[in-house]
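As structure tokens, the structure follows; a few thoughts come after it.
The values are calculated or read from the model by the stated rules, or taken from the named source; none is laboratory data. Note that the structure is predicted; figures quoted are calculated from it, not measured. Virtual Cβ from ideal backbone geometry, glycine too; neighbours counted across all protein chains shown. With ligands, DNA and RNA removed, areas are computed over all heavy atoms of the protein, side chains included. Shrake-Rupley method; radii C 1.70, N 1.55, O 1.52, S 1.80 Å.
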Amino acid sequence: MSRPAPYFSDHPLHLSYLPGRGDVFVISFSGVGLDPDVVPKVEAVSLAGQHGENHVLFVSDASRSWMNYPGQMATLKATISTLTDEIKPSRIVAVGNSMGGSSALIYASEAKVDAVLAIVPQFSIFPGVVRRGPSWSEYTSLISEWPYPTVPDLSGTGIDVVIMHGTASGEIMQARKFRQGSNIHHYLFQNSGHDLAPRLKANKTLQLIYANLIAGNLAETHDALSAAGGIPFTEYNRHAKAIKERKVQP
């Protein structure tokens, strides 16, 4: 399998590019990674590339700022614009896991994107917005400006947005902050936490979710999410509310 090659580097951004045969362009945002002293590794190479079919730009943010580093968005947009002028894609999809999922959603609020796949994204790491869950204080303490204290509202934009969360306590607190809408396809996975992506990849269900959304097959994406155990957020919320109401009845 081909590996992405360095494409652009300007602190904190490190971009790598994997050319494809087709006319779909995928932007894959990395999470924080395991070592804070090392640039986050590229993620979802095979999932995003689809065996060399798609063009993929991998975005690593060494500042781990959730797109808040000064000038980062402007630099990223300009660089991607240059690449899209060369590729001339018919479809652009942003994908990411954890911080990468948040970054994909934030990028989609600022630039042309047809669809987003965000797995366990944080709605916010700004202190005090989300009541419980990981604080990422080792990173938030270094953020000097907050152009994106929360993930922007993408409801009503026409972008097909797929968001996936587990129902573990830290995850559900983030999940409940996201705005719902007809173009927001938010799924929850019971008995799952922040490790949702590797769990679904291991049982071969994440591959179908990626492939169908990237191809623009929304109905098949819903089928793949359901087959993987996903429950639509509104359905899960109604069920949880009913259980809570039964518990408080005298």
**OP:** Just check the range 1-92 against the gyration tensor rule for me: Cα atoms, a ≥ b ≥ c as the square roots of the eigenvalues, rounded for a/c under 1.5, and otherwise prolate or oblate depending on whether a/b exceeds b/c.
**Re:** oblate
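Mind running the shape call on the range 163-238? Use the C-alpha gyration tensor, a ≥ b ≥ c as the square roots of the eigenvalues: rounded below 1.5 for a/c, prolate if a/b tops b/c, oblate otherwise.
Oblate is the answer for the range 163-238, as a/c is 1.5 or above yet b/c matches or exceeds a/b.
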Original post:
Regarding the range 165-208, what are the three Cα extents along the principal axes, ordered largest first, in Å?
Top reply: 29, 25, 12
**OP:** Using DSSP, restrict attention to beta bridges with both residues in the range 41-190 and report what percent are antiparallel, rounded to the nearest 5.
**Re:** 5
**OP:** Indicate the gyration tensor shape class of the range 100-213 (rounded, prolate or oblate), computed on the Cα atoms with a ≥ b ≥ c the square roots of the eigenvalues: a/c under 1.5 is rounded; otherwise a/b larger than b/c is prolate and the rest oblate.
**Re:** oblate
**OP:** Measure off, as a whole percent, the carbon and sulfur share of the 1.4 Å-probe accessible area of the chain, all protein chains present.
**Re:** 52
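So what's the convex hull volume per residue for the Cα atoms of the range 95-148, in Å³?
83
What does the charge add up to near residue 32, with Lys and Arg as +1, Asp and Glu as -1, over the other residues with Cβ less than 13 Å from its Cβ?
Surrounding charge for residue 32 is -3.
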Original post:
Rolling a 1.4 angstrom probe over the protein heavy atoms, how many square angstrom per residue are accessible across the chain?
Top reply: 47
Original post:
If contacts are Cα pairs under 8 angstrom and at least 6 residues apart, what is the relative contact order of the range 1-40 in percent?
Top reply: 26
Subject >> Filter on 41/204; 112/201; 41/201 - keep pairs with C-alpha separation over 25 Å >> reply: 112/201
**OP:** With P(r) over Cα pairs in 10 Å bins from 0, in percent in mind, check (1) 7, 28, 35, 23, 7, 0; (2) 7, 33, 37, 18, 3, 1, 0; (3) 7, 30, 37, 22, 4, 0 and report the label derived from this structure.
**Re:** (2)
**OP:** Pull up the DSSP beta bridges for the chain and report the antiparallel fraction as a percent, rounded to 5.
**Re:** 35
**OP:** Write out the trypsin sites (Lys or Arg not before Pro) in the range 81-188 meeting two conditions: DSSP loop, and at most 10 other Cβ atoms within 10 Å of their Cβ.
**Re:** 131, 132
